[in-house]
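Shown next, in structure tokens, is the structure this report addresses.
Just so you know, all these numbers are worked out from the coordinates, no wet-lab data involved. Note that the structure is predicted; figures quoted are calculated from it, not measured. Here the Cβ is made from the backbone with ideal geometry for all residues, glycine too, and neighbour counts use every protein chain on show.
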Amino acid sequence: KMSWTNQNFCMQSQGPGMEKKVMVQEFKKNHTNSHLFKIDNFSLLTKYKIDCIESSVFDLCGRKWKILVNYDEDEEHVSIFLENQDPLDVELEYQVYVLVNMSRPIPIEMMVQEFKKNHTNSHLFKIDNFSLLTKYKIDCIESSVFDLCGRKWKILVNYDEDEEHVSIFLENQDPLDVELEYQVYVVSQLKAVWYPKVNEKWDFSASSKPIAKGITNLMSLDVLKSKGFLIEDCCMFGASLPDQKTERPGTVECFSLIEKPLNSKVTWMMTKFSSFDPEKAHQSNEFIVGNRKWRIEVHPRGYEEVKGESFYVYLVGERYINNAPKTKTFAKSKLRVLDQVNRNHVEATDSYWVDEEYDDTNGFMEFMPLSKLCEPYLVKDKLYVGVEFEVISVAKYV
């Protein structure tokens, strides 16, 4: 296979942004037998009455070619052609195409700050690494609890992998007896608009429990991408209370999935294991992964219905660090007891949402039979129990 090549035609010395460079390199890596002809400052073709641009001669599969791009100013249409430069006597399949390039007019950080400044009584929920929702089978993400007009709320974003649609809801966290106007929406990253731009009325008097209201099947994944709502794996959702007299600056929260996070592997060395009280739970020292603290918990002789039968190993989620938003944490992790002789470790993997408060409910009650808790796992009264995070969610205020 021939390698993919890249040519840049530029009307003046003005380098492309970093996100465009990444796009070019990714396309180059993933497409063999291809040549990309990138044209910067395209609007200058009209200014200088240029109706045709030719690429240099390039090689594909041992043959010489050119790409021709024609621009009809009157019709405002673009045409593209592939032209052979060597005599040929063969039938070939070929493709000519335009590569879609979604570029934000301003950096995403500036966009977020503009939203905060210009939209009172609003909360923006920014989701990075959006494609990882599919990879890890995540169908719902909750924001932290935030304040709008003196009341507590959450944004819920649902993703239906089968239908490839996104839904968004606003959920009250306090009992309410009032009728309010609200908006939920997805924010464009190409221009200062959101969709849909409508107010809905919500009567809370029917129930004192949390109620989620919003839009089912707000938009398909393809439309999110093609219309500029999902760019560089980032999508922004929001909620507003537009009819409230009390105006507070907008708030922004960012949710992201991090693969192989810092300190993703932690091992707890348990010395003098025989001295551990078999009737109690025992925890490791705390450690930090993502933006919260964790511990490993074991019951040496099992717990409840498997007491006396199975070794119990759990992962405990504790408090957050650096004033991070208190929201549920998604984690996919592997718990293990180490084989100290053959390295044939006992391992078990699971995915779970860890509650925002103290949560010691995630792990394996029947991790391994107590009959196996001897050599090569327990050697010289020493046992090693570990955890490895494959992915973890983190949230922060922006």
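Using a 10 Å cut-off around each Cβ, can you sort Trp202, Trp194 from fewest to most neighbouring Cβ atoms?
Trp202, Trp194
Could you list which residues have their amide H under 5 Å from that of Asp339, counting only those 5 or more apart in sequence or on another chain, with H placed in the peptide plane?
Excluding prolines and chain starts, which carry no amide H, the hits are Asn344, His345, Val346.
Sequence-distant or interchain residues sharing an amide H contact under 5 Å with Gly363, placed H: which?
Amide H neighbours of Gly363, under 5 Å, 5+ apart: Leu315.
So what are the ³J(HN,Hα) numbers for region 53-59, from phi and the Karplus equation (6.51, -1.76, 1.60; θ = phi - 60°), rounded to whole Hz, Gly and Pro as x?
10, 10, 6, 5, 6, 10, 9
Once you keep just the Cα pairs under 8 angstrom separated by 6 or more residues, what percentage relative contact order results for the chain?
Normalised by residue count, the contact order of the chain is 13 percent.
Multiplying the sequence separation of Ile106 and Asp86 by 0.36 nm and subtracting their Cα-Cα distance, what value in nm do you get?
Gain on stretching Ile106 to Asp86: 2.8 nm.
Starting at the first residue of region 183-197, write each ³J(HN,Hα) from the Karplus equation 6.51 cos²θ - 1.76 cosθ + 1.60 with θ = phi - 60°, in whole Hz, x for Gly and Pro.
Using θ = phi - 60°, the values come out as 9, 10, 6, 10, 9, 5, 9, 9, 8, 7, 9, 9, 9, x, 9 Hz.
Using the basic label-point model (7 angstrom from Cα toward the beta carbon), what is the Gln113 to Leu44 distance in nanometres?
3.0 nm
Tell me which aspartates and glutamates have Cα within less than 13 Å of Lys334's Cα, excluding those fewer than 8 residues away on the same chain?
Glu347, Asp350, Glu388, Glu390
With a Förster radius of 30 Å, plug the Cβ-Cβ distance of Thr361 and Gln340 into 1/(1 + (r/R0)^6) and report the FRET value to the nearest 0.05.
Efficiency at R0 = 30 Å is approximately 0.55.
Any lysines with Cα under 20 Å of the Lys245 Cα? List them, leaving off those in the same chain fewer than 8 positions away.
Lys116, Lys117, Lys152, Lys197, Lys201
Against the longest alpha carbon principal axis of the chain, how many degrees, from 0 to 90 and to the nearest 10, is the axis of helix 108-118 turned?
80 degrees
Can you list residues from other chains, or at least 5 along the same chain, whose modelled amide H is less than 5 Å from the amide H of Met368?
Under 5 Å from the amide H of Met368: Phe311.
Karplus couplings for region 145-160 from phi (6.51 cos²θ - 1.76 cosθ + 1.60, θ = phi - 60°), rounded to Hz, Gly and Pro as x?
6, 10, 9, 10, 6, x, 10, 9, 9, 9, 9, 10, 10, 9, 10, 9
Taking the Cα-to-Cβ direction at Glu347 and at Lys191 and moving 7 Å from each Cα, how far apart do the two end points lie in nm?
That separation, rounded to one decimal, is 5.1 nm.
Can you compute the helix-only [θ] at 222 nm over the chain? Use -39500 (n - 2.57) per DSSP H run of at least 4 residues, normalise by all residues, nearest 500 deg cm²/dmol.
-2500 deg cm²/dmol
Using Cα positions and a limit of under 17 Å, work out the lysines in reach of Lys307, with same-chain residues fewer than 8 apart set aside.
Straight-line reach from Lys307, under 17 Å: Lys280, Lys372.
If you find the alpha carbon centre of region 310-327 and of region 239-299, how far apart are they in angstrom?
Using only Cα atoms, the two centres lie 3 Å from each other.
Once the Cα gyration tensor of region 108-257 is found, what semi-axes does its equivalent ellipsoid get, as square roots of 5 times the eigenvalues, in whole Å, sorted largest first?
For region 108-257, the ellipsoid semi-axes come out as 24, 18, 13 Å.
Angle check, please: helix 18-30 long axis (alpha carbons) against the longest principal axis of the chain (alpha carbons), in degrees 0 to 90, nearest 10.
Relative to the chain, helix 18-30 is tipped by roughly 90 degrees.
How far, in nm, would the chain grow between Ile211 and Lys28 when pulled straight, counting 0.36 nm per residue and subtracting the alpha carbon separation?
Value of the extension gain: 61.1 nm.
How would you classify region 260-397 from its alpha-carbon gyration tensor, with a ≥ b ≥ c the square roots of the eigenvalues: rounded for a/c under 1.5, else prolate if a/b is greater than b/c, otherwise oblate?
Note, shape of region 260-397 comes out prolate.
DSSP loop GluC sites (Glu not before Pro) in region 49-89 with at most 13 other Cβ atoms within 10 Å of their Cβ, which ones?
Glu73, Glu75, Glu76
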